[in-house]
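Read the structure below first, then the notes.
The values are calculated or read from the model by the stated rules, or taken from the named source; none is laboratory data. Quick caveat, the model's predicted, so the values are computed rather than measured. Because the Cβ atoms are built from the backbone with ideal geometry, glycine has one as well, and the counts that use them run over all protein chains shown.
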């Protein structure tokens, strides 16, 4: 049995460190499925605890120069603090070079800067060489050291030396400046999980023995009764047992409109109680709450690599050795060019090649954008399980909706009422009798009728009598001397109730796929109720928006053809697959995929799970079954159907950002390295350009935060 672990590592300095750590981890027995994220500074992996202890893995990483134990936030804070000190140090010592110093003071200042400001790069280089790898630190250390050593040699061997100490000093200062801004941006990108955890309330009000007691939120257990006052945060997932209020769930679902809550309604931990005071019964606490599930989903998504990221990592892995070879060839060319033996020109151009080359930009191009995309999705209530899912949604051209619980609310409601004149029966009396019959049933249709009558203010007075339930047909009752029948059309026919006058209404109901409930009193038809699962309010808008994205929309349902066509017509869906058995949904998705379509399946039930797995991308409604949620690639936390549209938009924006980053990283190196090799860039300009490259990629990814989803 394999365990999954995730460790934050101190020592990940750039995107090119990822292949180095992956190579190291592959050498450890039983370690598999390795994923390194240079932005979150985490390595995640599977391992066999019987063969390998987690502490042994941590020791192996420590020996390689990567320590564990701190959180990513702590690592970024520590790194920023160190970079800030080094930047001030290097920046101050750059100033004397503007005063026209003699050779010896230049040597002394440059030596101090090289030893202190260059130390992180030397440490990173030694770590990489020790692990038989190479990264950005190797190139910086080589480039600046060559310039420093050349200048030192000239300082003590020639009477009028031509020195380049200011080049190595200014170069280190510029690189540190770029590194500081890059780290600052990456730290901001990695803050999403911390922000999510910060919205948890610190305390809860426990209702115990008729009194209120404030306790730490972490002490709350499932089953506890909690008091949530106006303006307070709900401390755990639970159910309202007393009081009414409206709750702001936007921090988790992205839905800005407050949701009304009454007894029986579920509430989500960490959401904001806006108005009334309520009591809730805690159902899920600690690691089981929706907030914690969202955090785990976001963390897992940030660990999982998109296919395009694996390609970038492969390029970055071989990049540094290739650059060193190019630098060596550049040196050889300029040194032997025309037999001039020009060491100075050869050294400067070779250093410029090593300094301008930037594997960091390549290594950061994809993970930073993916991290921002998944984080932005989480803020909107779109939980994307990994970079691969985010990449696949981008290619979707067909969206298939399950009908019940997805396009519809999944809650039965009375949509139409037709009353008829029964001998000696008032409408109010008919409602009272119907309520007495249906309130004893747990059937969803009966519950819909009861709710309708309660909302209407029907008389709920107690009624005695005999009640006989006939499964699949209805209920027969004798109440206060009256014979009451409530049931379907066949039940009425079996009891010789004439329903001809209701023909026009029930035929319309059958076309719409509504359930027909007839009420007959003393053998005469009293009422007909059409009960149906209602279409989600925003479903037509979602269909319309998906069409604007050039997606083909399909509806998958077990309803008959006429009923399915009626609902599809209301929604504007042209493609309908009706009469589908639950077991056949997956086959229908396979059939569409076989035709070359990239299919996103949107569902919520257990019977949707195989179709969710079969599709290119499975999208589950957050209020769906656990099996459907487990099978899906994307979960809509607030069950907001509009987030299907937002997920596709977010994916396209993110992948466009990834392509922009990769283009810039590749274009920059493809242009910069030849220019440096040709002697058209001095090392100082090369260093500034290298720093700008990484910073540009990270800040471009941060733009995803600013996108408007609607």
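As for the stretch 292-301, it holds no residue that is modelled with pLDDT of 85 or more, under 25 Å from the mean Cα position of the chain (by Cα) and under 20 Å from residue 219 (Cβ atoms). Looking across the stretch 134-171, just one residue is without any contact (Cβ under 8 Å) to a residue 24 or more places away in the chain and closer than 13 Å to residue 355 by Cβ, and that is 141. Scanning the stretch 578-616 for residues that are part of a strand (DSSP E or B) and either without any contact (Cβ under 8 Å) to a residue 40 or more places away in the chain or under 19 Å from residue 638 (Cβ atoms) (or both) yields a count of 3. Looking at this structure, is residue 85 free of Cβ contacts under 8 Å to residues at least 40 places away in the same chain and not in a strand (DSSP E or B)? Yes: the conditions hold for residue 85. Within the stretch 412-450, the only residue that satisfies the criterion of being without any contact (Cβ under 8 Å) to a residue 12 or more places away in the chain and closer than 13 Å to residue 529 by Cα is 446.
Between 403, 385, which is more than 30 Å from residue 371 (Cα to Cα), buried (at least 16 other Cβ atoms within 10 Å of the Cβ) and not assigned by the TED database to the domain that holds residue 497? Spell out the reasoning first.
Numbers: 385 fails: more than 30 Å from residue 371 (Cα to Cα).
Testing whether each residue is more than 30 Å from residue 371 (Cα to Cα), buried (at least 16 other Cβ atoms within 10 Å of the Cβ) and not assigned by the TED database to the domain that holds residue 497 leaves just 403.
Pairing each residue of the stretch 659-674 that is farther than 16 Å from residue 315 by Cα with any residue that is outside any helix (DSSP H, G or I), provided the two are 6+ apart or on different chains, yields C-beta distances under 9 Å for 672/357; 672/358; 672/681; 674/680. Kindly provide the set of residues from the stretch 88-106 that are without any contact (Cβ under 8 Å) to a residue 60 or more places away in the chain, in a helix (DSSP H, G or I) and over 18 Å from residue 684 (Cα atoms), ordered by number. Matches in the stretch 88-106: 88, 89, 99, 104, 105.
Can you pull out every residue in the stretch 107-144 that is exposed (fewer than 15 other Cβ atoms within 10 Å of the Cβ) and in a loop (DSSP other than H, G, I, E, B)? 132, the sole residue that qualifies.
When we screen 531, 521, 517, 543 for residues that are in contact (Cβ under 8 Å) with a residue 60 or more places away in the chain, closer than 30 Å to residue 399 by Cβ and crowded, with 20+ Cβ neighbours inside 10 Å, the only hit is 531.
Of the set (1) surrounded by fewer than 15 Cβ atoms within 10 Å (Cβ to Cβ); (2) on the phi < 0 side of the Ramachandran plot; (3) out of contact with any strand residue (DSSP E or B) (no Cβ under 7 Å at 6 or more places or on another chain), all apply to residue 496 but (2). Taking the criterion of being in a helix (DSSP H, G or I), touching a helix residue (DSSP H, G or I) at 6+ places or on another chain (Cβ under 8 Å) and at pLDDT 90 or above, the residues of the stretch 504-548 that qualify are 539, 540, 541, 542, 543, 545, 546. Scanning the stretch 343-377 for residues that are within 18 Å of the chain's Cα centre (by Cα) and surrounded by fewer than 24 Cβ atoms within 10 Å (Cβ to Cβ) gives 375, 376. Only one entry in 643, 669 is assigned to a helix (DSSP H, G or I), buried (at least 21 other Cβ atoms within 10 Å of the Cβ) and assigned by the TED database to the domain that holds residue 540, namely 643. Out of 49, 19, one residue alone is in contact with a strand residue (DSSP E or B) (Cβ under 9 Å, 6 or more places away or on another chain) and part of a helix (DSSP H, G or I). It is 19.
A quick yes/no check of all residues on (1) closer than 17 Å to residue 170 by Cβ; (2) over 32 Å from the mean Cα position of the chain (by Cα):
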residue	(1), (2)
66	no, no
74	no, no
77	no, no
87	yes, yes
106	yes, yes
114	yes, yes
119	no, yes
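Within the stretch 631-642, not a single residue is touching a helix residue (DSSP H, G or I) at 6+ places or on another chain (Cβ under 7 Å) and farther than 30 Å from residue 610 by Cα. Tell me yes or no: at least one residue of the stretch 25-33 is more than 20 Å from residue 120 (Cβ to Cβ) and buried (at least 19 other Cβ atoms within 10 Å of the Cβ). Yes. Filtering 472, 465, 457 for residues that are out of contact with any strand residue (DSSP E or B) (no Cβ under 7 Å at 6 or more places or on another chain), over 28 Å from residue 566 (Cα atoms), at pLDDT below 85 and surrounded by fewer than 19 Cβ atoms within 10 Å (Cβ to Cβ) leaves a single hit, 457.
Of all the listed residues (316, 332, 327), the sole one being buried (at least 21 other Cβ atoms within 10 Å of the Cβ) and at pLDDT 85 or above is 327.
Among the criteria (1) closer than 30 Å to residue 691 by Cα; (2) crowded, with 21+ Cβ neighbours inside 10 Å; (3) within 18 Å of the chain's Cα centre (by Cα), the one residue 653 does not fulfil is (2).
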